[in-house]
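One structure below.
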Amino acid sequence: YYDDHLDYVPREDENVNSEARHVLPVEADDFDMDRMADDLMPSSLAEIAVGNTTSSLPPKTDKEGMSSAPPDIQEDIRALQLDSYEDDSVVASVEDGKLEEVGKSTVIEEEVSSVVANVEDGKPEELEQPEMIEEVKKKEIFAPEDTEDLVEDKKKRHLNVVFIGHVDAGKSTTGGQILFLSGQVDDRTIQKYEKEAKDKNRESWYMAYIMDTNEEERVKGKTVEVGRAHFETETSRFTILDAPGHKSYVPNMISGASQADIGVLVISARKGEFETGYERGGQTREHVQLAKTLGVSKLLVVVNKMDDPTVGWSKDRYNEIESKMIPFLRSSGYNVKKDVLFLPISGLVGSNMKTRVDKSLCPWWDGPCLFEALDAIEVPLRDPRGPFRLPIIDKFKDMGTVIMGKVESGSVREGDNLLVMPNKAQVKILAIFIDEDKVRYAGPGENLRIRISGIEDEDILSGFVLSSVAKPIRAVYEFVAQLKILELLDNAIFTAGYKAVLHIHAVVEECEVVELIQQIDPRTKKPMKKKILFVKNDAFVVCRIQVNNLICIEKFSDFPQLGRFTLRTEGKTVAVGKVTDFASV
Ligand code: GTP
Ligand code: MG
């Protein structure tokens, strides 16, 4: 992992086709909706996840075996095999030739030819001998001082972790405790928060105050904005994204999760609280489904509040929660063996977090503590040589225009010329910041603040994408997508003319489904023959979607993170999907 990052090569190499590395065999029992995303992982890593720690978990054979799942769950699982038929006939009717292109200005074309002389007609070159190519490019591109610089900045890997789960599960408390345990908050500050929390009649919320920094959040005891913090372990740097659990703030949660690599799903074990969160309509379910759709590839499920008097570190309660969550996680598309790890904690007391829980408190737990589990997680490799893509989540003025966002593909270097899309504004990179540190370049996965020249902050909206000049991101009014309908309001029908709010990376736009193209039979995974006029809950459908403003998106198969989306209406997630094409059919 680290080595690969050290091999960073600037964007002169964008003609390398990252898709060439995608192909992994699809296993028979693999029902992962994110097949394509996972395929970015080299096979040696694909095993993993939390591999070395999973083995120390208590055996749960009867829960793990798919065959023991009740029939309706098996159904669900099969229904999620959406990806495997993608290559067959579903999108075959969509002609490649009709792809909608945003006209490139002559200026851009000049830039393109000067930057990448060997891109032919925008066709990516086949990557036949990756190692060799990498070798050669490394030699060509790096002056010695650059390499040193790189080593210095990339000593530790970086992961974005989103904390999700039902309201009051203890996300902010756990996040705050992590910062306290990693030495970033001193005792005096904690005492100050204790007093403030007491004055607000929210005594037990003092740990959450570390993450919940604004007055409204502290008074109500609810996170509203996604809190951000950083901490480090021996091997990794983490950015914590503390999402709100309340259902009114799901759009904020979506924005947090779309920037994350892995998730910590916080579940309250307190009597009644697990149940409320887990019910249909509870945010435990909605968050899991959204996280999966938004590309959160691994989940640590922390069963929190184990210290609560109604729980008392009960093994039975822990097992009950785990056994109820497993089938649900599976039906949401997570591979429970490879991508999910459960562990008990107390975020408030700080037990089983930095060090393993004391045996006198919890004799039955043999697994890892939270810090160990976070350290052990591996995530798919990202291609530092891909075309540059950074969806802009925020912008402000600070000695020029500053934008914020996570690098989803490629790398950026001080002095680079890039485009802000869709307005095709040419900008120059003046300075790059990771956390508080100024760096000269940054690779994929990094959360950055970048100072740019060539554009005013008022000309940038969140959802715009800072993009490579040679291979700019596409901007479209219309696209073709595969959708899985989850739950329509009042069991309505889904038909042409259906309007919803589209959430795709940092974009939030009203949209309309203009045509249902095909329905897919979840059993055979083949498109159904007859023409469809409407579908209902749980259907899989291929459809054409329109928006009123240009949006920058990609096909899921090219850039999973920029091609997956959710449709919401009246505060509820009604469908999840992925972009399969841009053509009008
Ligand atoms: P939202 O931001 O509103 O979604 O909530 P949250 O998940 O961030 O929960 P928060 O951290 O604000 O905690 C909610 C309540 O649960 C507070 O009263 C906490 O003290 C309590 N709590 C959190 N973790 C624990 C724990 O480990 N044990 C006990 N006993 N209480 C906890
Ligand atoms: Mg919170």
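The values are calculated or read from the model by the stated rules, or taken from the named source; none is laboratory data. Nothing here was measured: the structure is a model prediction, and the numbers come from that model. Cβ sites come from the backbone with ideal geometry, for glycine too, and all protein chains shown count toward neighbours. Each accessible area value is taken on the protein alone, full model and side chains, heavy atoms only, with ligands, DNA and RNA left out. Shrake-Rupley method; radii C 1.70, N 1.55, O 1.52, S 1.80 Å.
Screening F371 on (1) part of a loop (DSSP other than H, G, I, E, B); (2) in contact with a Lys or Arg (Cβ under 7 Å, 6 or more places away or on another chain) shows it passes everything except condition (1).
Among the residues of this structure, I240 does not count as one that is touching a Ser or Thr at 6+ places or on another chain (Cβ under 7 Å) and aliphatic (A, V, I, L, M). Could you grab me the full set of residues in region 400-424 that are small (G, A, S) and buried (at least 17 other Cβ atoms within 10 Å of the Cβ)? Result: G405, S409, G410, S411. When the residues of region 256-288 are filtered to those that are more than 15 Å from ligand 1 (Cβ to nearest atom) and open to solvent by less than 50 Å² (accessible area, probe 1.4 Å), the one that is nearest to L329 (Cα to Cα) is I262. Condition check for L329 on (1) assigned to a strand (DSSP E or B); (2) free of Cβ contacts under 8 Å to residues at least 60 places away in the same chain: one failure, at (1). Exactly one residue out of K315, K337, K359, K324 is out of contact with any His (no Cβ under 8 Å at 6 or more places or on another chain), without any contact (Cβ under 8 Å) to a residue 12 or more places away in the chain and of a type in the set (K, R), and it is K359. Here region 289-341 is the region considered, the condition is being of a type in the set (G, A, S) and within 14 Å of ligand 1 (Cβ to nearest atom), and the residue that is surrounded by the most Cβ atoms within 10 Å (Cβ to Cβ) is S314. Filtering region 221-240 to residues that are at negative phi, of a type outside the set (S, T, Y) and either open to solvent by less than 50 Å² (accessible area, probe 1.4 Å) or within 8 Å of ligand 1 (Cβ to nearest atom) (or both) leaves K222, V224, V226, G227, A229, F231, R237, F238, I240. One residue is enough: does region 426-443 have a residue meeting the conditions closer than 29 Å to R544 by Cβ, buried (at least 24 other Cβ atoms within 10 Å of the Cβ) and in contact (Cβ under 8 Å) with a residue 24 or more places away in the chain? No, that holds for no residue. Checked against (1) out of contact with any Asp or Glu (no Cβ under 7 Å at 6 or more places or on another chain); (2) part of a loop (DSSP other than H, G, I, E, B), L418 passes all but condition (2). Taking K395, is it within 19 Å of I504 (Cα to Cα) and buried (at least 20 other Cβ atoms within 10 Å of the Cβ)? In short, yes. Count of region 177-213 residues, restricted to those that are open to solvent by less than 50 Å² (accessible area, probe 1.4 Å), within 13 Å of ligand 2 (Cβ to nearest atom), in contact with an Asp or Glu (Cβ under 8 Å, 6 or more places away or on another chain) and in a helix (DSSP H, G or I), is 1. One residue stands out among those in region 241-254 that are surrounded by 21 or more Cβ atoms within 10 Å (Cβ to Cβ) and either of a type in the set (A, V, I, L, M) or more than 13 Å from ligand 2 (Cβ to nearest atom) (or both): the one that is farthest from the chain's Cα centre (by Cα), which is V250. Among the residues of region 448-471, which ones are open to solvent by less than 20 Å² (accessible area, probe 1.4 Å), within 17 Å of V507 (Cα to Cα) and in a strand (DSSP E or B)? Within region 448-471, V465, L466, S467 meet the criteria.
The residues of region 336-355 that are among the charged types (D, E, K, R) and more than 14 Å from V302 (Cβ to Cβ), listed by number, are K337, K338, D339.
If the condition is being in contact (Cβ under 8 Å) with a residue 40 or more places away in the chain, of a type in the set (S, T, Y) and near ligand 1 (Cβ under 9 Å from one of its atoms), then region 172-220 contributes S172, T173, T174, S204.
The residues in region 214-234 that are β-branched (V, I, T) and away from ligand 2 (no atom under 11 Å from the Cβ) can be counted, and the count is 2.
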